[in-house]
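The values are calculated or read from the model by the stated rules, or taken from the named source; none is laboratory data. Remember, it's a predicted structure, so these values are computed and weren't measured experimentally. When we count neighbours, we look across all protein chains shown, and the Cβ atoms used for this are built from the backbone with ideal geometry, even at glycine.
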Amino acid sequence: MTEVFWDEQTGPDEEEVRYKRPWWVIATAVIDWIIVLTIVPAGLMVLFPFFFLFYVMLAQWMVFISPLLVAANVLTFLWALRRRQAGMVTLAIVSIFATLASFLVVLAWQAQIVVFGIGF
């Protein structure tokens with residue numbers, strides 16, 4: 001009688017539990033964490049002129065490689081969304097918004113927008 005009510009429960013397949021992240025997802029995540037860890041403190045300290053200039057410099061670097069950042073983060077977002085990886089989805093969204101904020105900072109500073117060496 002115990003076999004009827006207490007059938008052996010099997011866990012999810014190993015394939016569902018363990019998966020291997022592609023190298024480009026790991027590379028994008030590392031770059032995104034570097035961006036977050038450098039821009040957020042500089043963004044918090046924009047009240048001081050030196051830190052604001054540092055923030056503008058970081059924003060110009062992000063604008064320089066923005067197409068690559070956005071494309072990598074869109075691919076990471078789609079990959080993570082299909083696999084229900086909330087942390088990776090959030091990190092990709094934050095990085096895309098940081099890139100957009102960098103464009104706005106560069107525009108507000110009235111600096112020349114340079115993307116991959118081409119000025120606009």
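Structural remarks
- For first residues located in the range 69-94 and of a type in the set (Phe, Trp, Tyr), partners that are surrounded by fewer than 20 Cβ atoms within 10 Å (Cβ to Cβ) and lie 6+ apart or on another chain with Cβ distances below 9 Å form the pairs Phe77/Val89; Phe77/Ile93; Phe77/Ile96; Trp79/Arg21; Trp79/Pro22; Trp79/Trp24; Trp79/Val25; Trp79/Gln85.
- Annotation: of all residues in the range 17-58 being at pLDDT 90 or above and small (Gly, Ala, Ser), the one that is farthest from Val94 (Cα to Cα) is Ala27.
- Some residue of the range 43-60 being small (Gly, Ala, Ser) and closer than 17 Å to Pro22 by Cβ: no
- Of all the residues in the range 70-120, those that are in contact with a Phe, Trp or Tyr (Cβ under 9 Å, 6 or more places away or on another chain), not basic (Lys, Arg) and not in a helix (DSSP H, G or I) number 7.
- Tally, over the range 95-116, of residues that are surrounded by 17 or more Cβ atoms within 10 Å (Cβ to Cβ) and closer than 16 Å to Val74 by Cβ: 4
- In the range 66-94, residue surrounded by the most Cβ atoms within 10 Å (Cβ to Cβ) [restricted to those that are under 19 Å from Arg21 (Cα atoms) and of a type in the set (Ser, Thr, Tyr)]: Thr76
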